[in-house]
Amino acid sequence: MASLMTYSVAVINPSLFEGWSTTVEETKSLGLTMVLSDIPVHKEQNPEQGVYFDPHKPASLADALENVQNRFTNNAATKHKLQAQEKTTQPIFKIWR
């Protein structure tokens, strides 16, 4: 799993309930951005690279994903990943909104 996560721009955890998220801890250890539902435990784990969304509102998730995409657009290390994904992500954001 760590090798897959290493090549990711971000990790999404859309949970409605968590006891303590090992996904958050694993992602924090890799220094990756996380897109997290705004449930209390995610906020308690408080990852520096966390972007939160309301798990009951698809548009909120679309906004969070777009936020992450915009953060990395000018980052040379991740720019190539985003360019490849852009043709897929933009139509999805429009559907969710």
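The figures follow:
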{"read-out": "Cross-chain or 6+ apart pairs with Cβ under 6 Å, region 63-74 first and part of a helix (DSSP H, G or I) and surrounded by 15 or more Cβ atoms within 10 Å (Cβ to Cβ), then of a type in the set (Gly, Ala, Ser) and at pLDDT 85 or above", "value": "Val68/Ala10"}
{"read-out": "In region 56-85, the residues that are farther than 17 Å from Ile12 by Cα and modelled with pLDDT under 70", "value": "Asn74, Asn75, Ala76, Ala77, Lys79, His80, Gln83, Ala84"}
{"read-out": "Flag for Val35 being surrounded by 19 or more Cβ atoms within 10 Å (Cβ to Cβ) and either closer than 19 Å to Lys94 by Cβ or small (Gly, Ala, Ser) (or both)", "value": "yes"}
{"read-out": "Output for region 2-19, where each listed residue is part of a loop (DSSP other than H, G, I, E, B) and surrounded by 11 or more Cβ atoms within 10 Å (Cβ to Cβ)", "value": "Ser8, Val9, Pro14, Ser15, Glu18"}
{"read-out": "Considering residues of region 2-22 that are small (Gly, Ala, Ser) and more than 13 Å from the chain's Cα centre (by Cα) only, the residue nearest to Leu61 (Cα to Cα)", "value": "Ser21"}
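The values are calculated or read from the model by the stated rules, or taken from the named source; none is laboratory data. Remember, it's a predicted structure, so these values are computed and weren't measured experimentally. All Cβ positions, even for glycine, are placed from backbone atoms using ideal geometry, and neighbour counts span all protein chains on display.
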